[in-house]
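To start, the structure itself, in structure tokens.
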Amino acid sequence: SGFIRWRIPLDAIIRVYPTANPLSAPAWSLDRLGIQYLKKNGRALALISPAAQHEFMSLLAQRAGLEQVGAELKRPGH
């Protein structure tokens, strides 16, 4: 997002889902993906808007070991 860069470890991601959440985020569009991930002090949420959402989610599922459940990706056991 511009000059700001976040890195979320793939193994920390527990859920990825479509959202139109209007909360302030570095995503330019309201057609977003919510990424729930684990941090040392609990869960966190990042909102992003990749240009090719379906391709992004497919690649993320493969690389992060997430499973498709409807329109969402989830880490097995969470």
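The values are calculated or read from the model by the stated rules, or taken from the named source; none is laboratory data. Keep in mind it's a predicted model, so treat the numbers as computed, not measured. Here the Cβ is made from the backbone with ideal geometry for all residues, glycine too, and neighbour counts use every protein chain on show. Calculation scope for accessible area: heavy atoms of the full protein, side chains included, ligands and nucleic acids excluded. Shrake-Rupley method; radii C 1.70, N 1.55, O 1.52, S 1.80 Å.
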Give the residues of segment 43-78 that are buried (at least 16 other Cβ atoms within 10 Å of the Cβ), part of a loop (DSSP other than H, G, I, E, B) and out of contact with any helix residue (DSSP H, G or I) (no Cβ under 7 Å at 6 or more places or on another chain), sorted by residue number. SER49, ARG75
May I ask you to list the residues in segment 15-38 that are modelled with pLDDT under 80, open to solvent by less than 70 Å² (accessible area, probe 1.4 Å) and either touching a His at 6+ places or on another chain (Cβ under 8 Å) or not small (Gly, Ala, Ser) (or both)? ASN21, PRO26
